[in-house]
Amino acid sequence: MSRARVLSGIQPTADSFHLGNYLGAVRNWVTMQDTHDAFYCVVDLHAITAGHDPAQLRTRTRVAAAQLFAAGLDPERCTLFVQSQVPEHPQLAWVLGCLTGFGEASRMTQFKDKSAKQGAERASVGLFTYPVLQAADILLYQADAVPVGEDQRQHLELTRNLAQRFNATFGETFTVPEAFIPQETAKIVDLQDPTAKMSKSASTLNGLIDLLDDPARAAKKIRSAVTDTGREIVFDREAKPGIANLLTIYSALSGRSLDDLTAAYDGKGYGDLKKDLGEVVVEFLRPLQERTRGYLDDPAQLDKLLAIGAEKAGAVAAATLRTAYDRVGF
Ligand code: ADP
Ligand code: NA
């Protein structure tokens, strides 16, 4: 029995991934490489839709790949590649763009939000057609499922519509993918503001644990995390979002259940929990950073791994594009 195919991408838009990226996305990618036929890409084409610096993009793409390999993605068990190294992505995106209604694309809430922030005149056409490129990313691999966060539902719906539209117009070509929202996905909030998600755009750096943070500094951020009123260590996202966040991180990094943790901290204080979690975070970061450095210190080897990924991905993408072009009349 063949495994279901998944495709997932992540943007290299920060100098490093943060703990929210790791616990919310990357960790699931690592698990899924053994349960699925998994294709993962660092989507550098998407990363230029809102302006960028070339040298910085190049570095960020490499660090992203190094961190993904260091987190446990194994080139023998999955295909990890850089989007710009597989030219079929923008080639299929053009065709799909010609099947996308202007009004339909205009309804994408992520574009509305991002273009409102940048100012409508400054937002690029690339930002507007971002979801069409995302559809190409997915459809090229005939993915059965796409692991995404809730915020990507609308884009995935567009992808499904485009697949169905193409198939109905030109003949069965694309697998219509399902959204796959893993139940276990941890939502990590800002350590200083539990009402906001941990994000690279956070206002205070102390709210975020960067995967490249000095481990001692990361432990300090945990110790100075905003906690809630009261003393009791219970898991309650509503009443105690700060403590719930720390317990979520603790459980995810240690493999211990929330019940086990709350039982273990019964009668203890917030300080005890933070001190211990700080140590857990240090133990998590140290080896991860060591492995990341190993990949970054050997650029030839990293290039080789990415070339292998691009070749494996490219073979699948080229076959799909050939069929699609043929159906379209090219
Ligand atoms: P950011 O929010 O820092 O800009 P991205 O939007 O680039 O991060 O997200 C990359 C991936 O990481 C996505 O799959 C997203 O769902 C996940 N992710 C980002 N922040 C968090 C978080 N705080 N908790 C859980 N998952 C997150
Ligand atoms: Na984001």
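Odds and ends about this structure:
- Across segment 194-219, the qualifying residues are those that are in contact with a Leu (Cβ under 9 Å, 6 or more places away or on another chain) and of a type in the set (A, V, I, L, M, F, W, C), and the one among them that is most open to solvent (accessible area, probe 1.4 Å) is Leu212.
- Helices (runs of 4 or more DSSP H) within segment 47-145 that include 1 or more residues in contact with a Gly (Cβ under 8 Å, 6 or more places away or on another chain): 54-70, 88-97, 125-139
- Among the conditions (1) open to solvent by less than 20 Å² (accessible area, probe 1.4 Å); (2) assigned to a helix (DSSP H, G or I); (3) within 11 Å of ligand 1 (Cβ to nearest atom), the only one that Ala186 does not satisfy is (2).
- The requirement of being more than 23 Å from Ala38 (Cβ to Cβ) and modelled with pLDDT of 95 or more is satisfied by Lys275.
- The residues in segment 153-183 that are assigned to a loop (DSSP other than H, G, I, E, B), among the polar types (S, T, N, Q) and under 21 Å from Val132 (Cβ atoms) can be counted, and the count is 2.
- Applying the criterion of being among the polar types (S, T, N, Q) and within 13 Å of ligand 1 (Cβ to nearest atom) to the residues of segment 104-144, the residue that is surrounded by the most Cβ atoms within 10 Å (Cβ to Cβ) is Gln134.
- Selection from segment 1-30 of residues that are more than 10 Å from ligand 1 (Cβ to nearest atom) and either open to solvent by 30 Å² or more (accessible area, probe 1.4 Å) or over 18 Å from Leu80 (Cβ atoms) (or both): Met1, Ser2, Arg3, Ala4, Arg5, Asp15, Val30
Results for (1) under 19 Å from Val86 (Cα atoms); (2) among the aromatic types (Phe, Trp, Tyr); (3) over 24 Å from the mean Cα position of the chain (by Cα); (4) surrounded by 14 or more Cβ atoms within 10 Å (Cβ to Cβ), shown as yes or no for each residue.
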residue	(1), (2), (3), (4)
Tyr265	no, yes, yes, yes
Val282	no, no, no, yes
Leu285	no, no, no, yes
Gln289	no, no, no, yes
Gly294	no, no, no, yes
Leu306	yes, no, no, yes
Gly309	yes, no, no, yes
Val316	yes, no, no, yes
Ala319	yes, no, yes, no
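- So Arg77, is it in contact with a strand residue (DSSP E or B) (Cβ under 9 Å, 6 or more places away or on another chain), open to solvent by 20 Å² or more (accessible area, probe 1.4 Å) and not hydroxyl-bearing (Ser, Thr, Tyr): yes
- Filter pass, Gln33 being more than 14 Å from the chain's Cα centre (by Cα) and surrounded by 19 or more Cβ atoms within 10 Å (Cβ to Cβ): yes
- Hits in segment 145-178 - residues which are away from ligand 2 (no atom under 16 Å from the Cβ), without any contact (Cβ under 8 Å) to a residue 60 or more places away in the chain and open to solvent by 70 Å² or more (accessible area, probe 1.4 Å): Glu157, Gln164, Ala168, Glu172, Glu178
- Filter result (more than 30 Å from Leu23 (Cβ to Cβ) and of a type in the set (Val, Ile, Thr)) within segment 126-182: Thr129, Thr169, Thr173
The values are calculated or read from the model by the stated rules, or taken from the named source; none is laboratory data. None of these values were measured; they are calculated from a predicted model. We place every Cβ from the backbone using ideal geometry, glycine too, and count neighbours over all the protein chains shown. Calculation scope for accessible area: heavy atoms of the full protein, side chains included, ligands and nucleic acids excluded. Shrake-Rupley method; radii C 1.70, N 1.55, O 1.52, S 1.80 Å.
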